[in-house]
Amino acid sequence: MARRAKVEAERTRARILASALSLFARNGYETTTFNDIAARVHMTKGAVYWHFESKEALLMALVDEMFEKFERQIADVMPKSELTFDTVACTMVETARRLVDDAKGRAFFMLMRTQVKWGAESMTRVKEDLITNNRFGPWHAFVQAVENDIKSGRARAGTDPVEIAGICVALWDGLVQGRIDGFLRTDMCQTIRHAFDAVWSSISNDLPRQAIKSKQ
């Protein structure tokens, strides 16, 4: 009986999180209320409070859930061998494809960039994690990859791995956002590949290499 109750509680919690994500992404975090969320899942406000003590706690749980999901997806396609610019870039092309093909992923991406007031106290931890890249593994992967490429002679000595990682993540972020918003009319994966190729060309020692290709 206790096991069944726990499973049911986890299912209810998941329903609340999914509904909150939809409402936050559509209406904004600040304007969405517990009453809105409760109505969406056909529960009382008190029942929602039983699972989450505040709207901030609900948002933090949602952020943790989605970041864990993204981290699993990235780990699934990130090569286990030594990282290079090509392999990380290929991983990020595939990650972008998976994200825009997933309704929850798109909603969360929009929530983080357009529907949250970053000055709000409740978002301090999330904002700091994003700025310091503590919750965004690809930045660290690009840094390590460029360092490896410099050591092997594939990339020029004097290249700043931190700068290159920042450029690549910013390009990826902007192009994914453009695709979700509908402003990017070209093939997203191909455009990201071209952007990464341009970055690589600026640091490459011009050793023979293949163009970056997304996984099929």
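Descriptive notes on the structure:
- Applying the Karplus relation 6.51 cos²θ - 1.76 cosθ + 1.60 with θ = phi - 60° to the stretch 27-39 yields 3J(HN,Hα) values of 10, x, 5, 5, 8, 6, 10, 5, 4, 4, 5, 4, 5 Hz, where x marks Gly and Pro.
- Tensor-based shape of the stretch 1-53 (alpha-carbon gyration tensor, a/c under 1.5 rounded, otherwise prolate or oblate): prolate
- Amide hydrogen neighbours beyond the local backbone of Ala155, cut-off 5 Å, H modeled: Ile150, Asn205
- Relative contact order %, the stretch 1-61, counting alpha carbon pairs below 8 Å whose residues are six or more apart: 29 percent
- Cross-link partners of Lys69 among aspartates and glutamates (Cα-Cα below 13 Å; sequence separation of 8 or more within a chain): Asp102
- P(r), alpha carbons of the stretch 59-101 - 5 Å bins starting at zero, rounded %: 5, 22, 25, 21, 15, 8, 3, 0
Readers should treat all values here as calculations from the given coordinates under stated rules, not as data from a laboratory. These figures come from a predicted structure and were not determined experimentally.
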